[in-house]
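Worksheet: the structure to be examined is printed underneath.
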Ligand SMILES: [Zn+2]
């Protein structure tokens, strides 16, 4: 499952950072997922809880937020909001779009217990 490998990466990154900061336990992790990334927030949250077992994040609460997608439209030469891949430009209806944001995943916040 795609989300599980993402979750394992998140856990590894946060745990490494926590170790370096000599944190014993992580209580909360807030993740942002771009609206255009092929990631289901609920699934990612569930997978994080699974992957966190027996790590410093075992008791952490995971929150996953959707971040808006953006694209540059070559049809009307504007930067527009994009809800998902495959939709036309909301301004002019062109499909000639170049995605500029919304495909990424970010760790937004880590709270150390
Ligand atoms: Zn357009």
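The table that follows gives values for the structure above.
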{"item": "Stokes-Einstein D in µm²/s, Kirkwood radius over Cα pairs - the chain at 25 °C with 0.890 mPa s viscosity", "result": "162"}
{"item": "The range 52-102 - convex hull of the alpha-carbon atoms, volume per residue in Å³", "result": "88"}
{"item": "DSSP-defined antiparallel bridges as percent of all bridges, the chain, nearest 5", "result": "70"}
{"item": "Per-residue [θ]222 nm for the chain (sum of -39500 (n - 2.57) over DSSP H runs n ≥ 4, rounded to 500)", "result": "-8500 deg cm²/dmol"}
{"item": "With Cα atoms, 0 to 90° folded angle of helix 2-20 axis to the chain main axis", "result": "50"}
{"item": "All Cα pairs of the range 15-73, percent lying beyond 13 Å", "result": "64"}
{"item": "Inter-site label distance for residue 43 and residue 84 at 7 Å from Cα along Cβ, in nm", "result": "1.2"}
{"item": "Gained length - residue 65 relative to residue 100, 0.36 nm times residue gap less alpha-carbon distance", "result": "10.8 nm"}
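Coordinate-derived values only; no laboratory data. Just so it is clear, the structure is predicted and the values come from calculations on it, not from any experiment. No Cβ is skipped: glycine too gets one built from the backbone with ideal geometry, and neighbour counts run over all protein chains shown.
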